[in-house]
Amino acid sequence: MGIRFDHVSVAYGDTVVLDDLDLTVDPGGFTALLGPSGSGKTTALRAVAGFVRPASGRVLIGGRDVTDLPPYARGVGMVVQSYALFPHMRVDQNVAFGLRAQGVPRREVAGRVEEALGMTGMADYARRHPRELSGGQQQRVAISRALAIRPRVLLLDEPLSALDAQLRSDMLAELARLHRELPDVTVLYVTHDQSEALTLADRVAVLDRARLREHGTPRELYGRPRAAFTARFVGGANLLPARLTGGRVHCLGAVLDADPADLPPGASDGDDLRVCLRPHRVALGEAEHTLEGVVSDVQWRGSTHRVTALVGGHPVTAELRETPAPPEPGSTVTLGFTRRDAVLLTPEEAS
Amino acid sequence: MTAHPAPTADAPPAAHAPEPPADPVPGRAPRRLPVWVWAVPPVALLAAVFLYPLALVAAESVAAPGGGLTLAHHADVLGSESFRSALGTTVFVAVTSTAGCLVLGFLLALVVAFVPFPGSGATARFIDTYLSFPSFLITLALLFVYGTVGMANGMWTDLTGAESGPFRFLATPWGVILAEITYFTPFVMRPLLAAFGQLDTAQLEVASSLGARPLRVVREVILPEARPALVAGGALVLVLCLNEFAIVLFTGAKDVVTLPMLVYQAAILRSDYTTACVVATVNAALSVSLYLVYRAATARLSSDGGRRARA
């Protein structure tokens, strides 16, 4: 069952929190809604769950218009950041809650509960109360509870944000495994963490300031972003000021060829552009294109050095692997990159 | 004892031995008051103005005419028809009022806490203010509406030309119950709203997305979370209703004789202090035992909160 946002807008009073979202999640797909706080991503998820009513537009699940259906009639599983386990119920009672609410015959409930807890490896904790479990265990129970009703659509709202780094990485692998084992379940996953979105999702929808900025595979968004916001938010790119003059792009002293196919749509001579460069694609020394700058900051990050240089007053960051002698702050460096790694974008609209 | 005279003789020096270093400057000795000394003035004051009169009441209720103690007054009063009837009325009014407060308070608190409407915050604050109103004010207000010469009866007589209106329930136990429910419901709502404030609304959302209709969400998610607050609020209201005097007096219900009314009638109207004291001690014993239930419930409430905070 796919999910379709048909030009969905949500407003609280005069504040538009989701502006004309048009997005389709294919059946069995895993789509991440990625964006900073206030981007409207959680609102979009809540519109699917039925907790917010769109001011305009329709929400469809499996081709059926559910815009006017109450949450209990939508048959979606939901997992939230705070787990929201029922504290007075044991783990098995929590998982059985949805089954009982949906009128599953009593004799089937125990088996379904065991099956759902088995999927997340929590079968041994069935008789415990939520307060006796760690955060990661509680989130596993919450996932079991959502899966127990065998939803065709699973909504995950920042499910890993309350966990510490190690647990988050374990749960990331766990969620990826569940998605492989349940290929029929369509997943909508809200996160502000680009690494979660890139790891788990087969499609990522980037939202910013209530609008969908870009939608594509993680590879497309990372390698060939079409919006400056995406380039910055997904993977943190250098966005260097540039100008299109005489069919070539002039950027902080470097001059790049610009094939019409590489240019953002509608770009014409004299337009301001941005050159998007991933920090790990910038190296020290001569290359196809170079920028001259003064080192302003050097950070050691274990496996890499993160060197920031001011080029014409504009900071350019390079992520250098295994550099025996990183440049000293204040020294002049040459930063090199190849044309293939530079993506041309239109500047972000001012916020 | 005589076999070990030496240790006894040695003991005092041994016991005194550590003292000199602990008390090096003799001049400071008077300042070192034991902690309990600080408790003496408040306890003495309490004893003089509160405990002593209370003890007098208790003593009066068991004082034999020629001196000594007797339970004869208790037996007399407790066996009397008027006491039994008053006890029955008191318990009936208090229990019914408390049940009404719990049902109404729970429903109102649900609306205030979970149904977003403009002014829900102001409503919650008004409830805090309402708690400070004197109880007779509510009764007085009800008298204006439903009293024998109140608005409702006035409208009825104006419309029908009858001698008097049909609204006479204010002078019956039901009138007292209506007034007590009106006045005490916020006492139930206050702890309920606090409990609802701690409830993660995501629980309600997850419950409904799992397929639970609103009634099931209330019954299986909200109600269990609210139970300690309901017990605490209910016990408090029950105690207050048992002892309520002003509301019963102001409704002018002569037939509704509760224990406090019986005390008032015996002591003030008939100067029968012995009976008044017996009834008062029984009433006090009832209140105190219910108060203990209330304390136990609130203790559980806070320990529940503690467990949740740790989880």
Neighbours by Cβ (under 7 Å, 6+ apart or cross-chain): first from the range A:81-96, assigned by TED's automatic domain parsing to the domain that holds residue A:148; second in a loop (DSSP other than H, G, I, E, B) and of a type in the set (S, T, N, Q): A:81/A:161
Could you pull out the residue among A:245, A:332, A:304, A:317 that is free of Cβ contacts under 8 Å to residues at least 60 places away in the same chain, outside the structural domain of residue A:207 (by TED's automatic domain parsing) and surrounded by 14 or more Cβ atoms within 10 Å (Cβ to Cβ)? A:304
Scanning the range B:208-233 for residues that are closer than 14 Å to residue A:71 by Cα and facing chain A (nearest Cβ under 7 Å) gives B:208, B:209, B:210, B:211, B:212, B:213, B:216
Are any residues in the range A:188-211 outside any loop (DSSP other than H, G, I, E, B), of a type in the set (A, V, I, L, M, F, W, C) and surrounded by fewer than 24 Cβ atoms within 10 Å (Cβ to Cβ), and if so, which ones? A:198, A:200
The one condition in (1) within 25 Å of residue B:292 (Cα to Cα); (2) more than 14 Å from chain A (Cβ to nearest Cβ) that residue B:151 fails to fulfil: (1)
Report the residue count in the range B:132-154 for those that are free of Cβ contacts under 8 Å to residues at least 40 places away in the same chain and in a helix (DSSP H, G or I). 9
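Could you identify the single residue in A:159, A:183, A:151 that is surrounded by fewer than 17 Cβ atoms within 10 Å (Cβ to Cβ) and either in contact (Cβ under 8 Å) with a residue 60 or more places away in the chain or among the β-branched types (Val, Ile, Thr) (or both)?
A:183
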All but one of (1) in contact with a Ser or Thr (Cβ under 9 Å, 6 or more places away or on another chain); (2) within 14 Å of chain B (Cβ to nearest Cβ); (3) surrounded by 20 or more Cβ atoms within 10 Å (Cβ to Cβ); (4) in a loop (DSSP other than H, G, I, E, B) hold for residue A:47, so report the exception by its number. (4)
Being within 27 Å of residue A:216 (Cβ to Cβ), surrounded by 19 or more Cβ atoms within 10 Å (Cβ to Cβ) and not hydrophobic (A, V, I, L, M, F, W, C): is that true of residue A:289 here? yes
Going by the conditions given, is residue B:157 among the β-branched types (Val, Ile, Thr), in contact (Cβ under 8 Å) with a residue 12 or more places away in the chain and farther than 30 Å from residue A:76 by Cα? no
Could you please let me know if residue B:99 is part of a helix (DSSP H, G or I) and either surrounded by 13 or more Cβ atoms within 10 Å (Cβ to Cβ) or of a type in the set (D, E, K, R) (or both)? yes
Looking only at the range A:70-119, filter to residues that are in a helix (DSSP H, G or I) and under 26 Å from the mean Cα position of the chain (by Cα); which one of those is farthest from the other protein chains (Cβ to nearest Cβ)? A:119
Have a look at A:142, A:176 and point out the one that is closer than 19 Å to residue B:212 by Cβ and part of a helix (DSSP H, G or I). A:142
Somewhere in the range B:265-285, is a residue free of Cβ contacts under 8 Å to residues at least 24 places away in the same chain, in contact with a Ser or Thr (Cβ under 6 Å, 6 or more places away or on another chain) and not basic (Lys, Arg)? yes
Search the range B:183-207 for residues that are facing another protein chain (nearest Cβ under 9 Å) and pair each with any residue that is of a type in the set (Gly, Ala, Ser) when their beta-carbon atoms are under 6 Å apart and the residues are at least 6 apart or on different chains. B:200/A:82; B:200/A:84; B:202/A:82; B:202/A:84; B:203/A:84; B:206/A:84
Output for the range A:251-277, where each listed residue is more than 27 Å from the chain's Cα centre (by Cα) and surrounded by fewer than 17 Cβ atoms within 10 Å (Cβ to Cβ): A:253, A:255, A:257, A:259, A:260, A:261, A:266, A:268, A:269, A:270, A:271, A:272
Show me the helices (runs of 4 or more DSSP H) entirely contained within the range B:191-271 in which 3 or more residues are over 29 Å from residue B:94 (Cβ atoms). B:201-209, B:214-217
Those residues that are more than 17 Å from residue A:146 (Cα to Cα) and part of a loop (DSSP other than H, G, I, E, B), I need them from the range A:50-69; list them, please. A:52, A:53, A:54, A:55, A:62, A:63, A:66, A:67, A:68, A:69
Suppose the filter is hydrophobic (A, V, I, L, M, F, W, C), in the same structural domain as residue A:38 (by TED's automatic domain parsing), within 21 Å of residue A:274 (Cα to Cα) and out of contact with any His (no Cβ under 6 Å at 6 or more places or on another chain); does residue A:198 pass it? no
So for the range A:159-167 (the condition being of a type in the set (Gly, Ala, Ser) and touching an Asp or Glu at 6+ places or on another chain (Cβ under 9 Å)), does at least one residue qualify? yes
Positions within the range A:120-134 being surrounded by 16 or more Cβ atoms within 10 Å (Cβ to Cβ) and within 10 Å of another protein chain (Cβ to nearest Cβ), in sequence order: A:129, A:130, A:133
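The values are calculated or read from the model by the stated rules, or taken from the named source; none is laboratory data. Every value quoted in this text rests on a predicted model; they were computed, and no experiment measured them. Positions of Cβ are generated from backbone atoms using ideal geometry, with glycine treated the same way; all protein chains shown enter the neighbour counts.
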